[in-house]
1. Of the labelled options (i) 7, 30, 38, 21, 5, 1; (ii) 7, 26, 29, 18, 12, 7, 1; (iii) 6, 29, 34, 22, 8, 2, 0, which one gives P(r) over Cα pairs in 10 Å bins from 0, in percent as computed for this structure?
2. Can you give the angle from 0 to 90° between the axis of helix 61-72 and the longest principal axis of the chain, with both taken from C-alpha atoms, to the nearest 10?
3. Counting helices only, and only those DSSP H runs with n ≥ 4, report the 222 nm mean residue ellipticity of the chain as the sum of -39,500 (n - 2.57) divided by its residues, in deg cm²/dmol to the nearest 500.
4. Could you run the Karplus curve 6.51 cos²θ - 1.76 cosθ + 1.60 with θ = phi - 60° over region 162-169 and give me ³J(HN,Hα) per residue in whole Hz, x for Gly and Pro?
5. Roughly what angle does helix 74-85 make with the longest principal axis of the chain, taking Cα atoms, 0 to 90 degrees, to the nearest 10?
6. Relative contact order, percent, of region 128-266 when contacts are C-alpha pairs under 8 Å separated by at least 6 residues?
7. So which trypsin sites (Lys or Arg not before Pro) in region 207-266 are both in a DSSP loop and have at most 14 other Cβ atoms within 10 Å of their Cβ?
8. Please report the relative contact order for the chain, taking Cα pairs under 8 Å with a sequence separation of at least 6, and give it as a percent rounded to a whole number.
Amino acid sequence: MTAADGVFGHLAARAAEGRLAVLVGAGLSMGAGYPGWGRLFAPLGQALGPAAGGAPLPDDLPALAEAYEAEYGRNSLISHLRRELRRSLACTEAHRALAATGLKEILTTNYDVLLEEALQDVAGPVDVVVRDSDLAYTAPARPRLVKMCGDVLNPETLTVTRRDFAVYGAVKPRLAEYVRGLLETHELLVLGAGPSDPEFNMLWDLATAGLGEHKPVGWVLTADVSPLQQRVALTRGLRTLPLDVTDDGVTRALARWLDGLSAAHA
């Protein structure tokens, strides 16, 4: 048995115990045809070119969104996101494979509605949480999808700019507390995001603040990570798992890996 096999068995055991949560990033939605963070925010940088007076634009995408908001207003920023993300696209096989795992606790930084559609189609009713008050209407028997950065259909819930992330705990205190509590007892499997993503990193740091060495491990399933990124991730309680995309591409490889997880903990 290889080290990777040992980790897979470890995660399957955690899933069987009900102690594995999932965080889904933009990678799954990109497989369906939605833009990733870079392509989503590229037009904002183009619009800011003249306004920046020749100064270089920030590589930090939430900072870029904040600069755009300062120049053109919140309405223009959110309108751009809604134009790009309200297009009707179909769930991928990776979305459906995740829904079929039976995992109850799913977090996402994505604004679109593909995950809830897949969960409803495959697993039945799902509790979708985008506001603090939504937590009061959840039930343990149903899958729970926590949209940590909000929902494109509810613009007032969106977390986009660097300031949005900085005040997250004050604006959404119950959600922040819920995720912290979840990560006290659950290990986290990260799909479609990586240790270099600023949005994921900010939320990981927020959710694990104060837990120190006692926080459960986060496992990042990724096809592309450098040795340096692996070392930096390790210092923050994150382990990277290689995803073999040689034959099928990312979406199919994710679906195959998740199908294996379902079979292992069934």
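Just so it is clear, none of the values below were taken in a lab; they were calculated from the coordinates. Small disclaimer: the values here were computed from a predicted structure and weren't measured. Here the Cβ is made from the backbone with ideal geometry for all residues, glycine too, and neighbour counts use every protein chain on show.
1. (i)
2. It works out to around 30 degrees.
3. Numbers: 13 runs with 137 residues, N = 266.
Mean residue ellipticity, 222 nm, calculated: -15500 deg cm²/dmol.
4. Calculated HN-Hα couplings, in order: 4, 5, 3, 5, 5, 9, 3, x Hz.
5. In the chain, helix 74-85 runs at an angle near 50 degrees to the longest axis.
6. With pairs under 8 Å counted, the relative contact order is 16 percent.
7. Values: sites: 231, 236, 239, 252, 256; in loops: 236.
Listed in order of number, the matching sites are 236.
8. 24
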